[in-house]
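Notes follow the structure.
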């Protein structure tokens, strides 16, 4: 199938599919005309990529772990022993990012709460418009 067909079947824009190829996540065959030729397996690969992106992984991490995953219905199953360690590291990275964001949010809340009442009222009035 051509890239437009893959885009329609996965709901992923053609530009993003080309980006996945540039990142080494997709490996379409090339026709003599230069057109990309995708297989039905590429549909599953794109779905795996989207799931991993939704889980907070970046494309370089996905390129590393994608060959070590298989689909089992709605789940991705790791098939390489090294993969679990990589996934744990990614989970720790995400957890640390969440902790850092919560710290930032708390600091911002304290600054907002310190505003004098008249300043807070004016600010809230501008937010409503």
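Computed from the coordinates by the stated procedures, all read-outs in this text should not be read as laboratory data. Computed from a prediction, not measured in an experiment: that's the story for all the values here. Neighbour counts are summed over all protein chains in view; Cβ atoms, including those assigned to glycine, are modelled from backbone coordinates with ideal geometry.
The convex hull defined by the C-alpha atoms of segment 1-56 has an orientation-averaged projected area of 3.6 nm². Can you compute the modelled spin-label distance between residue 98 and residue 85, with each label point 7 Å from Cα toward Cβ, in nm? Result for the modelled spin labels: 2.5 nm. All Cα-Cα separations within segment 75-129 were binned at 10 Å from zero, giving a P(r) of 19, 25, 19, 15, 14, 7, each value a whole percent of the pairs. Distance from the C-alpha centroid of segment 65-108 to that of segment 47-63: 10 Å, rounded to the whole angstrom. Among 33, 81, 104, the residue with the largest mean-square fluctuation in a Gaussian network model of the chain, with springs joining Cα atoms closer than 10 Å, is 33. Within the listed set 52, 108, 87, the Gaussian network model of the chain (springs between alpha-carbon atoms below 10 Å) gives the highest mean-square fluctuation for 108. Relative to the dominant Cα principal axis of the chain, helix 40-54 is inclined by about 20°.
Each peptide in 92-101, 40-49, 21-30 was scored by the mean count of other Cβ atoms within 10 Å over its residues; highest first, the order is 40-49, 21-30, 92-101. Applying Stokes-Einstein at 10 °C and 1.306 mPa s to the Kirkwood radius of the chain, computed over alpha-carbon pairs, gives a translational diffusion coefficient of 88 µm² s⁻¹.
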